[in-house]
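Data first, discussion second: the structure below is written as structure tokens.
The values are calculated or read from the model by the stated rules, or taken from the named source; none is laboratory data. Everything numeric in this text was worked out from a predicted model, so none of it was measured. Ideal geometry is used to build each Cβ from the backbone, glycine not excepted, and the neighbour counts take in all protein chains shown.
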């Protein structure tokens with residue numbers, strides 16, 4: 001199992017689903033509820049989401065929602081885990097692709113994947129991988145962004161035969177946080193992402209990992 005596959009497993013396993021689906025029909029129902037939650041979040045943001053809204057959008061009873069999720073926070077956490085899974089799957093493909101002349105170029109593919117998810121994945125630009133949720137106490141020792149950064153660093157080290165020390169990994173983690181923050185800012189008032197801020201994100205990421213990759 002690769003580092004990215006392991007990270008996907010860890011993040012997905014943390015999703016607080018009340019009843020894990022064991023049949024295809026239940027899996028489809030759960031996916032439909034999360035799709036509905038994502039659609040509502042895409043319209044009004046995650047802060048105003050309610051379980052009643054999820055039920056109404058899915059055409060399901062409120063009891064069906066509570067069969068899988070104890071409350072709205074669980075819906076948000078589960079959707080965050082699915083977002084993380086989809087991000088990591090896309091990153092695995094992007095980092096393994098030919099055409100990256102350097103490890104830095106491969107790292108910048110993370111920016112491209114993130115931008116595409118902001119544009120195409122309903123609700124992603126609001127919730128992302130869930131670190132925006134201010135839940136106390138923390139449910140894990142590592143943030144979702146931290147898990148992604150570790151997986152990316154491991155993938156880069158393996159692909160480009162890099163020996164990464166703690167400071168190198170910190171630089172990569174910082175670059176991932178910069179991508180998350182500046183891409184979110186680029187989409188805050190611009191439906192397709194402010195190109196000036198996206199270019200700035202690319203420049204700052206290069207500067208952050210200069211001498212590391």
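So in segment 26-50, with the set limited to residues that are at pLDDT 95 or above, within 16 Å of residue 62 (Cβ to Cβ) and surrounded by fewer than 21 Cβ atoms within 10 Å (Cβ to Cβ), which one is nearest to the chain's Cα centre (by Cα)? Looking at the filtered set, the residue picked out is 32.
Just one of the listed residues (57, 125) is under 17 Å from the mean Cα position of the chain (by Cα) and at pLDDT 95 or above, namely 125.
The number of residues in segment 54-85 that are under 20 Å from residue 128 (Cβ atoms) and in a helix (DSSP H, G or I) comes to 15.
Among the listed residues 182, 213, which satisfies the condition of being at pLDDT below 95 and buried (at least 18 other Cβ atoms within 10 Å of the Cβ)? Break it down stepwise before answering.
Numbers: 182 fails: at pLDDT below 95.
Just one listed residue meets the conditions, 213.
How many residues are in contact (Cβ under 8 Å) with a residue 12 or more places away in the chain and surrounded by 14 or more Cβ atoms within 10 Å (Cβ to Cβ) if we restrict to segment 92-111?
Initial filter on segment 92-111 (in contact (Cβ under 8 Å) with a residue 12 or more places away in the chain): 92, 94-97, 102-104, 106-111.
Now drop any that are not surrounded by 14 or more Cβ atoms within 10 Å (Cβ to Cβ), which leaves 92, 94-96, 103-104, 106-111.
Number of matching residues: 12.
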